[in-house]
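Have a look at the structure below, then the notes.
The values are calculated or read from the model by the stated rules, or taken from the named source; none is laboratory data. Since the structure is predicted, the reported quantities are computational estimates derived from the model, not experimental observations. Note that each Cβ is placed from the backbone with ideal geometry, even for glycine, and that neighbours are counted across all protein chains shown. Areas reflect the complete protein model, heavy atoms only, side chains present, ligands, DNA and RNA absent. Shrake-Rupley method; radii C 1.70, N 1.55, O 1.52, S 1.80 Å.
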Amino acid sequence: MPATLVAEHVSSVALSVPSVSVEDLSNGERTVALYASDLPDGYHYKRGDTAQLVAWIIQGANRLGLDRLRHVAALEGGYRRFVARNMATAEQERAHAERFPDPERDRRAGELASLVTYSVSMSDEARERGLRFLLDGPCPECGDTRQVWACWAVDVDAEWYEEGYGPCSLCGGAA
């Protein structure tokens, strides 16, 4: 478990009465919770293990607390958004490596969180929260102005284009 995600150890008694429902966590939050839990390295999912995965998610969520869990998940969502476009900055790469120093565990936690989603649905609020993201540092596209100058197509068939500012496609929706 990374130093940045270490919190007080949660006893098994605390796990029996969860303070959070897995249904109220987005997939990104489930991923971060699994990463911070006692999920064994090298764990391989077997049919029927969903209850154990849910217990680890609850454990990780209790360890981090909901506010921190949601914040880290939003930063992870922003990082993944930029990685998918090959636009992650050095600052984003460094911050991600500090939060998740074990890339294999990070990858595996994401896969397992997705598997849980097949069995345990998400609430509408969690699904909506999963679309929000935060960035480490300024947006490399717009410098955090959330707008870019471009030629916008109004009507392609009529060849009608307008120049001007429009929302940044990378961070325009950042929380």
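Let a ≥ b ≥ c be the square roots of the eigenvalues of the Cα gyration tensor of the stretch 88-175; is it rounded (a/c under 1.5), or, if not, prolate (a/b larger than b/c) or oblate? Judged from the Cα gyration tensor, the stretch 88-175 comes out oblate (a/c at least 1.5, b/c at or above a/b). Shown for the chain: cysteine residues without a partner Cβ closer than 4.7 Å, namely 151.
For the options 85, 68, 94, a Gaussian network treatment of the chain with springs between C-alpha atoms closer than 10 Å singles out 85 as fluctuating the most. Principal-axis analysis of the Cα atoms of the chain puts helix 50-64 at an angle of about 70° to the longest axis.
Taking all protein chains together and a 1.4 Å probe, the residues 117, 31 rank 117, 31 from largest to smallest accessible area. Springs join every pair of Cα atoms under 10 Å in this Gaussian network model of the chain, and among 110, 48, 65 the largest mean-square fluctuation is at 48. Which one is right for this structure if Rg and Dmax of the Cα atoms in Å is calculated from it: (1) 19.0, 67; (2) 20.8, 72; (3) 17.2, 60? Label (1) holds the value from this structure.
Across 156, 120, 148, mean-square fluctuation computed from a Gaussian network of the chain (C-alpha pairs under 10 Å connected) peaks at 156. Estimated at 0.36 nm per residue, the fully extended path between residue 89 and residue 169 surpasses their Cα-Cα distance by 27.2 nm. The distance linking the stretch 38-57 with the stretch 115-175 is 34 Å (Cα centroid to Cα centroid, whole angstrom). The listed residues 159, 104, once ranked by accessible area (1.4 Å probe) with the largest placed first, stand as 159, 104.
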